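Asker: Supplied in structure tokens, the structure appears directly below.
The values are calculated or read from the model by the stated rules, or taken from the named source; none is laboratory data. Being a predicted model, the structure only gives us computed values, none of them experimental. Here the Cβ is made from the backbone with ideal geometry for all residues, glycine too, and neighbour counts use every protein chain on show.
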Amino acid sequence: DAMVIQNPRYQVTQFGKPVTLSCSQTLNHNVMYWYQQKSSQAPKLLFHYYDKDFNNEADTPDNFQSRRPNTSFCFLDIRSPGLGDAAMYLCATSRSNRGRGHEQYFGPGTRLTVT
Amino acid sequence: GESVGLHLPTLSVQEGDNSIINCAYSNSASDYFIWYKQESGKGPQFIIDIRSNMDKRQGQRVTVLLNKTVKHLSLQIAATQPGDSAVYFCAENGGTSYGKLTFGQGTILTVHP
């Protein structure tokens with residue numbers, strides 16, 4: 001059963017044309033993350049939601065925005081994609097439990113191509 | 001700043017051999033560590049985790065060792081199979097309690113039949 005779902009799996013957009021990637025989860029986890037992963041590199045955290053609280057990483061460009069309308073869904077908006085934004089975008093979830101670390105559950109990713 | 005790094009970017013082994021993938025971390029506040037396997041075109045998949053109150057944990061064909069003195073983590077895969085070929089990432093939590101992780105650079109494991 002799918003737990004973290006990402007749509008679409010492959011997305012092609014034009015340079016400068018806004019694009020939205022979506023993520024949904026059936027785990028009822030309260031924390032959701034967006035990562036950017038380029039070829040042969042580790043996932044790079046862009047931002048995360050802890051419940052409704054948005055937490056941006058210091059080096060995430062302003063071009064990247066996110067929305068979380070409810071617990072199950074989270075969106076990644078790229079306002080003006082550049083060629084350098086072509087990458088795999090990974091969504092992940094985790095549950096908070098004070099004092100204990102927890103694994104993140106990842107979706108299959110969306111491969112973004114910018115033409 | 002905090003970082004998690006790997007000593008070897010690639011590892012090639014023969015089928016049936018044991019594999020060892022290493023990872024160094026620098027954040028002393030980290031108390032939770034995890035290994036992920038990522039196959040081409042897929043999201044990272046959980047393999048095994050360990051908390052800082054342990055120094056060894058075993059799963060099915062995998063063992064994670066934690067040496068807090070030298071801030072070192074390793075993943076041992078027994079009887080490596082071609083299906084184990086993937087990129088392996090270690091990650092640490094930096095002391096956070098809700099799942100935020102910092103990933104290491106990754107090691108490409110190739111298993112030859």
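Asker: As an exercise: evaluate A:Leu83 against (1) under 15 Å from the mean Cα position of the chain (by Cα); (2) modelled with pLDDT of 95 or more and give the number of the one condition it does not meet.
Answerer: (1)
Asker: Also, quick follow-up: Would you point out the residue of the stretch B:16-47, among those that are more than 12 Å from chain A (Cβ to nearest Cβ) and surrounded by fewer than 13 Cβ atoms within 10 Å (Cβ to Cβ), that is nearest to the chain's Cα centre (by Cα)?
Answerer: The qualifying residue nearest to the chain's Cα centre (by Cα) is B:Asn18.
Asker: Another question, if that's okay. Quick one: would you say A:Leu112 is within 8 Å of chain B (Cβ to nearest Cβ), modelled with pLDDT of 95 or more, in a strand (DSSP E or B) and within 30 Å of B:Asp49 (Cβ to Cβ)?
Answerer: Criteria not met by A:Leu112.
Asker: Taking the options A:His102, A:His29, name whichever one is modelled with pLDDT under 95, part of a loop (DSSP other than H, G, I, E, B) and under 15 Å from the mean Cα position of the chain (by Cα).
Answerer: Among A:His102, A:His29, only A:His29 is modelled with pLDDT under 95, part of a loop (DSSP other than H, G, I, E, B) and under 15 Å from the mean Cα position of the chain (by Cα).
Residue by residue, here is whether (1) more than 12 Å from B:Ala91 (Cα to Cα); (2) of a type in the set (S, T, N, Q); (3) in contact (Cβ under 8 Å) with a residue 40 or more places away in the chain holds:
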position: B:Pro9; (1), (2), (3): yes, no, yes
position: B:Glu15; (1), (2), (3): yes, no, yes
position: B:Tyr32; (1), (2), (3): no, no, yes
position: B:Ser52; (1), (2), (3): yes, yes, no
position: B:Lys56; (1), (2), (3): yes, no, no
position: B:Gly59; (1), (2), (3): yes, no, no
position: B:Leu65; (1), (2), (3): yes, no, no
position: B:Thr69; (1), (2), (3): yes, yes, no
position: B:Thr80; (1), (2), (3): yes, yes, yes
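Asker: Residues that are among the basic types (Lys, Arg) and touching a strand residue (DSSP E or B) at 6+ places or on another chain (Cβ under 6 Å): does the stretch B:32-39 have at least one?
Answerer: Scanning the stretch B:32-39, I find at least one residue that is among the basic types (Lys, Arg) and touching a strand residue (DSSP E or B) at 6+ places or on another chain (Cβ under 6 Å), so the answer is yes.
Asker: Looking at the stretch B:54-113, which of its residues are buried (at least 21 other Cβ atoms within 10 Å of the Cβ) and small (Gly, Ala, Ser)?
Answerer: Within the stretch B:54-113, B:Ala86, B:Ala91, B:Gly99, B:Gly104, B:Gly106 qualify.
Asker: I've got another one for you. In the list A:Thr71, A:Thr20, which residue meets the criterion of being part of a strand (DSSP E or B), more than 8 Å from every other protein chain (Cβ to nearest Cβ), out of contact with any helix residue (DSSP H, G or I) (no Cβ under 6 Å at 6 or more places or on another chain) and farther than 16 Å from B:Lys42 by Cα?
Answerer: Sole residue among the options that is part of a strand (DSSP E or B), more than 8 Å from every other protein chain (Cβ to nearest Cβ), out of contact with any helix residue (DSSP H, G or I) (no Cβ under 6 Å at 6 or more places or on another chain) and farther than 16 Å from B:Lys42 by Cα: A:Thr20.
Asker: Further question: Looking at the stretch A:39-54, can you tell me whether even one residue there is within 20 Å of B:Lys37 (Cβ to Cβ) and more than 9 Å from every other protein chain (Cβ to nearest Cβ)?
Answerer: Among the residues of the stretch A:39-54, at least one is within 20 Å of B:Lys37 (Cβ to Cβ) and more than 9 Å from every other protein chain (Cβ to nearest Cβ), which makes the answer yes.
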